[in-house]
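Peer 1: The structure follows.
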Amino acid sequence: MKKKAEDMVPGREVLEKKIHSLLGLSTKAGFAASGEFLSEKSVKDGKARLVIVAGDASDNTKKKFKDMCEYYGVPCHVFSDKDTLGHSMGKEFRASLAINDQGMAAQIIKYIEML
């Protein structure tokens, strides 16, 4: 019996690669603000549509962004690690980043929730 397309969920590795690819595209398109200062500014200015915090960021950083995003109504997800997040954006390590485009944020959230 064949599986339906919606029943076929890609593996974790494939999903992670897709997310990292979208982060790179977001950076090149100017939709991403990376680093703690710019991510925080993006959220407080009402531009951020998604915040991603690295899994190996400090507990204080994770709590700070979780609380701030909850207050401002911005989705916040813990994903990947600092080195990989930075590498996918063509930069050095990044503990946090904000995506400022609704369409790109929605696509990334969709993949994160599939993990």
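Residues are listed down the side, and each one gets a yes or a no for (1) within 17 Å of residue 31 (Cβ to Cβ); (2) of a type in the set (Gly, Ala, Ser); (3) not in a helix (DSSP H, G or I):
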residue: 70; (1), (2), (3): no, no, no
residue: 77; (1), (2), (3): yes, no, yes
residue: 83; (1), (2), (3): no, no, no
residue: 87; (1), (2), (3): no, no, no
residue: 93; (1), (2), (3): no, no, yes
residue: 106; (1), (2), (3): yes, yes, no
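Peer 1: Name, by its number, the condition in (1) in a helix (DSSP H, G or I); (2) modelled with pLDDT under 95 that does not hold for residue 64.
Peer 2: (2)
Peer 1: Something else: Mind checking which residues of the stretch 64-94 are in contact (Cβ under 8 Å) with a residue 60 or more places away in the chain and in contact with a Leu (Cβ under 8 Å, 6 or more places away or on another chain)?
Peer 2: 79, 85, 88, 89, 94
Peer 1: Take residue 22 and decide whether it is surrounded by 19 or more Cβ atoms within 10 Å (Cβ to Cβ), modelled with pLDDT of 95 or more and assigned to a helix (DSSP H, G or I).
Peer 2: Working: surrounded by 19 or more Cβ atoms within 10 Å (Cβ to Cβ): yes; modelled with pLDDT of 95 or more: yes; assigned to a helix (DSSP H, G or I): yes.
When the stated conditions are applied, residue 22 passes them.
Peer 1: While we're looking at this one, here's another question. For residues in the stretch 57-111 being surrounded by fewer than 18 Cβ atoms within 10 Å (Cβ to Cβ) and among the β-branched types (Val, Ile, Thr), which is nearest to residue 47 (Cα to Cα)?
Peer 2: Checking each candidate, the answer is 109.
Peer 1: Could I ask something else about it? Please go through the stretch 25-57 and pick out each residue that is within 22 Å of residue 90 (Cα to Cα), assigned to a loop (DSSP other than H, G, I, E, B), of a type outside the set (D, E, K, R) and modelled with pLDDT of 95 or more.
Peer 2: 30, 31, 48, 54, 55, 57
Peer 1: Further question: Sort out which residues of the stretch 31-56 are out of contact with any Asp or Glu (no Cβ under 9 Å at 6 or more places or on another chain) and surrounded by fewer than 20 Cβ atoms within 10 Å (Cβ to Cβ), and write them in order of number.
Peer 2: Those that are out of contact with any Asp or Glu (no Cβ under 9 Å at 6 or more places or on another chain) and surrounded by fewer than 20 Cβ atoms within 10 Å (Cβ to Cβ): 35, 36, 37, 38, 40, 41, 44, 45, 46, 47.
The values are calculated or read from the model by the stated rules, or taken from the named source; none is laboratory data. Source: prediction; values computed, not measured. Here Cβ is always computed from backbone atoms with ideal geometry, including for glycine, and neighbour counts include all displayed protein chains.
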